[in-house]
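Notes follow the structure.
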Amino acid sequence: MNNPLFIHNTLTRTKQRFIPLHEGRVGMYVCGPTVYGDAHLGHARPAITFDLLYRYLLHLGYKVRYVRNITDVGHLEHDADEGEDKIAKKARLEQLEPMEVAQHYTNRFNTAMGKLNVLPPSIEPHASGHIIEQIRLVEEILEAGYAYESNGSVYFDVVKYNEDFKYGILSGRNLEDVHDASRELDGVGEKRNQVDFALWKRAQPEHIMRWPSPWGEGFPGWHCECTAMGRKYLGEEFDIHGGGMDLVFPHHECEIAQAVASQKKQMVRYWMHNNMITIAGKKMGKSYNNFITLDEFFTGGHELLEQAYSPMTIRFFILQAHYRSTLDFGNEALQASQKGLERLMDALRQLGRIEASDKGKLTEAYAAEIEKKCYEALNDDLNSPIMISHLFEACRTINTLADGKESITAAGLDALRRVFTTFCFDILGLQAEEGGNAGREAAFGQAVDLLLEVRAKAKADKDWATSDKIRDNLTALGFLVKDTKDGATWKLNK
């Protein structure tokens with residue numbers, strides 16, 4: 001398959017042509033949520049970023065096995081090695097079973113992703129369902145000599161690994177930098193080196209979530225799950241591993257070390273990371289009172305929100321920025337995205353009403369040029385904002401066609417409709433919504449068209465009073481009606 005897609009590989013820090021390991025098939029693993037709370041805007045960005053990649057790879061003709069995990073064990077409160085498991089803490093406070101908490105928030109996460117029109121992954125493995133695979137991974141690392149047992153826990157020996165390989169190749173950190181950045185933590189006495197990380201943790205008596213292992217009852221370290229599950233479902237080597245930039249270190253750095261230590265070779269060819277979402281320049285967090293869940297965006301139920309924002313507005317907001325750039329939330333930015341989304345939806349509706357002309361000046365060549373530019377943008381590391389700008393350029397032409405100031409052949413019109421449908425719906429994953437101006441247009445479209453047919457009949461019968469009444473009433477309701485040589489057009493008067 002002659003694939004022109006180039007993606008930025010975090011590992012090499014370069015943009016590389018994407019060549020999968022297996023012709024026509026792609027293995028992709030993306031770190032999913034830790035399910036101890038409601039999904040927020042920070043969850044939406046990686047989900048939508050890699051949904052765009054997933055959709056585009058499918059569009060290019062690949063068979064894609066997309067694995068997105070659920071972290072329901074091992075993600076500790078204070079850091080990757082110490083503190084209370086976040087799900088277990090939630091279960092203890094609410095007097096629930098840990099898996100009850102995990103299932104509740106997994107359901108809510110998937111509901112939110114459905115509203116954002118994020119396609120479900122091929123496989124959604126849970127960390128708690130793959131304890132055996134994680135234990136086996138730890139055993140392999142021990143057998144290779146890059147881990148050690150200490151007081152019922154097992155730690156990865158970063159210093160020894162670094163002597164034989166190189167720790168820090170993804171983040172660009174050297175071992176001295178990691179040493180200097182390390183904090184004093186409770187339980188550090190179990191480690192040989194401050195930089196070592198837990199592969200398996202001995203469960204304290206009060207710890208709810210525990211499993212038997214060769215080292216006693218305990219639970220896996222956070223970093224183990226993705227290495228074990230990625231290898232189980234995608235093999236010892238696979239194409240793409242993605243996630244948020246906050247996972248580069250330590251999570252993905254530790255994943256690389258685990259894979260190389262256990263199998264003596266890299267597991268992932270292309271590492272891809274989306275950048276962060278900030279609010280007024282600050283990282284989103286409960287301590288800043290700027291932590292906004294997706295449900296709060298959808299309902300407007302947060303003091304920082306001036307209004308409710310529909311799921312498609314949120315999706316379009318994220319797609320209007322390149323996935324590797326920082327995206328700063330603000331009401332003005334979201335409202336601009338809402339207007340941009342309405343503009344695209346209006347163009348799609350207008351395309352359904354434009355009539356072709358045998359003598360049209362625009363032909364298939366015009367649509368082909370728009371299509372070519374859109375593909376070039378996506379092939380350049382999924383540059384969705386540039387692709388959207390090309391669609392906006394076409395919107396101006398569509399408006400001139402709708403106003404009767406320009407004409408297009410039937411073949412050209414069919415091609416233009418196909419281009420807009422493909423890139424807006426199939427690849428960007430946008431949908432017409434019931435709420436907002438774009439949704440009202442979709443809901444009222446057939447009714448307005450019917451009224452304009454009645455008006456056209458009245459004009460043909462020289463019933464000017466009825467014709468003017470329909471036009472004036474539509475104008476009062478917020479519709480802009482224009483008479484052209486080919487009939488009447490309408491749109492919402494924004």
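The values are calculated or read from the model by the stated rules, or taken from the named source; none is laboratory data. These figures come from a predicted structure and were not determined experimentally. Neighbour counts run over all protein chains shown; Cβ positions are idealised from the backbone, glycine included.
For residue 40, indicate whether it is under 20 Å from residue 206 (Cβ atoms) and touching a Ser or Thr at 6+ places or on another chain (Cβ under 6 Å). No: the conditions fail for residue 40. Do the conditions hold for residue 209, that is, is it surrounded by 15 or more Cβ atoms within 10 Å (Cβ to Cβ), modelled with pLDDT under 95 and on the phi < 0 side of the Ramachandran plot? Yes: the conditions hold for residue 209. Restricting segment 1-53 to residues that are aliphatic (A, V, I, L, M) and part of a strand (DSSP E or B) leaves a set whose member that is farthest from the chain's Cα centre (by Cα) is 26.
Does residue 127 satisfy the condition of being buried (at least 22 other Cβ atoms within 10 Å of the Cβ) and either within 28 Å of residue 318 (Cβ to Cβ) or free of Cβ contacts under 8 Å to residues at least 24 places away in the same chain (or both)? Against the criterion (buried (at least 22 other Cβ atoms within 10 Å of the Cβ) and either within 28 Å of residue 318 (Cβ to Cβ) or free of Cβ contacts under 8 Å to residues at least 24 places away in the same chain (or both)), residue 127 qualifies.
Yes/no matrix, rows are residues, columns are (1) modelled with pLDDT under 95; (2) loosely packed, with under 14 Cβ neighbours inside 10 Å; (3) touching a Phe, Trp or Tyr at 6+ places or on another chain (Cβ under 9 Å); (4) not aromatic (Phe, Trp, Tyr):
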residue	(1), (2), (3), (4)
404	yes, no, no, yes
416	no, no, yes, yes
427	no, no, yes, yes
448	yes, no, yes, yes
458	yes, no, yes, yes
464	yes, yes, no, no
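Of all residues in segment 130-150, those that are surrounded by fewer than 19 Cβ atoms within 10 Å (Cβ to Cβ) have Cβ atoms under 7 Å from Cβ atoms of residues that are assigned to a strand (DSSP E or B) and of a type in the set (Ser, Thr, Tyr), 6 or more apart or on another chain, in 148/155. When segment 309-340 is filtered for residues that are under 20 Å from residue 430 (Cα atoms) and either among the polar types (S, T, N, Q) or without any contact (Cβ under 8 Å) to a residue 60 or more places away in the chain (or both), the ones remaining, listed by number, are 309, 310, 313, 317, 320, 333, 334, 335, 336, 337, 338, 340. A single entry from 321, 308 fulfils the requirement of being closer than 23 Å to residue 116 by Cβ, within 17 Å of the chain's Cα centre (by Cα) and either in a loop (DSSP other than H, G, I, E, B) or modelled with pLDDT of 95 or more (or both): 321. Just a yes or no: is a residue in segment 127-137 touching a Gly at 6+ places or on another chain (Cβ under 8 Å) and under 24 Å from residue 255 (Cα atoms)? The answer is yes; a qualifying residue exists. Free of Cβ contacts under 8 Å to residues at least 60 places away in the same chain, hydrophobic (A, V, I, L, M, F, W, C) and in the same structural domain as residue 245 (by TED's automatic domain parsing), is that true of residue 64? Answer is yes for this residue.
If the condition is being closer than 23 Å to residue 406 by Cα, surrounded by fewer than 17 Cβ atoms within 10 Å (Cβ to Cβ) and of a type in the set (Gly, Ala, Ser), then segment 325-376 contributes 352, 356, 365, 368. Of all residues in segment 193-230, those satisfying the criterion of being in a loop (DSSP other than H, G, I, E, B), touching a Phe, Trp or Tyr at 6+ places or on another chain (Cβ under 8 Å) and over 24 Å from residue 145 (Cβ atoms) are 203, 207, 209, 210, 217. Candidates are the residues of segment 263-292 that are at pLDDT below 95 and part of a strand (DSSP E or B); the one that is surrounded by the most Cβ atoms within 10 Å (Cβ to Cβ) is 277.
Would segment 111-124 turn up any residue that is crowded, with 20+ Cβ neighbours inside 10 Å and either touching a His at 6+ places or on another chain (Cβ under 8 Å) or under 30 Å from residue 204 (Cα atoms) (or both)? There is at least one residue in segment 111-124 that is crowded, with 20+ Cβ neighbours inside 10 Å and either touching a His at 6+ places or on another chain (Cβ under 8 Å) or under 30 Å from residue 204 (Cα atoms) (or both).
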